[in-house]
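Let me begin by presenting the structure, written as structure tokens, before commenting on it.
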Amino acid sequence: MRQLDFVISTHAYKPGTVYEDATCYGAYIEVGNDETYEWFQEQGLEGNGYTVLALVDALCRLDLGDDAGQYQMEAEADNTWVYSREQAPIERLLAKFREAAQNQAGIQRLIEHARDELLE
């Protein structure tokens, strides 16, 4: 069983960058190595930022219902960004994502619950 790897970083943004009226907290997530990218390919997925966006969306719906509506998400090429007006929801999301990414079964669970219109 391959270890899946993701690049994850966090950022704080000044008012006006994402939200006009508030500081914003954000997370950046992308596939972290060729082996993980190849694993997604074997699952019939691109392994790009849109794939990761679908995983994050599924995670939010499955495990972060109390934070519903607190996230703004976008993807482009290999990158996925998640923003919130508060830091705590971002921290909860990243903790849950890291937990899911500990093994292929955790990511497979997110794939199975991903919305078709997001999954690439």
Legend entry - Residues (aromatic (Phe, Trp, Tyr) and either open to solvent by 50 Å² or more (accessible area, probe 1.4 Å) or assigned to a strand (DSSP E or B) (or both)) located in the stretch 30-69: 37, 50
Inset, instruction - Go through the stretch 70-106 residue by residue and tally those that are open to solvent by less than 70 Å² (accessible area, probe 1.4 Å), outside any helix (DSSP H, G or I), out of contact with any Lys or Arg (no Cβ under 8 Å at 6 or more places or on another chain) and over 20 Å from residue 40 (Cα atoms). - result: 5
Legend entry - Among the candidates 17, 10, residue that is under 18 Å from residue 72 (Cβ atoms), outside any strand (DSSP E or B), open to solvent by 80 Å² or more (accessible area, probe 1.4 Å) and not basic (Lys, Arg): 17
Inset, instruction - Count, please, the residues in the stretch 20-29 that happen to be within 26 Å of residue 111 (Cα to Cα) and open to solvent by less than 20 Å² (accessible area, probe 1.4 Å). - result: 3
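The values are calculated or read from the model by the stated rules, or taken from the named source; none is laboratory data. Quantities reported herein were computed from a predicted structural model and do not represent experimental measurements. Methodologically, a virtual Cβ is constructed for each residue, glycine included, from the backbone with ideal geometry; neighbour enumeration extends over all protein chains shown. Accessible surface areas use protein heavy atoms only, side chains included; no ligands, DNA or RNA. Shrake-Rupley method; radii C 1.70, N 1.55, O 1.52, S 1.80 Å.
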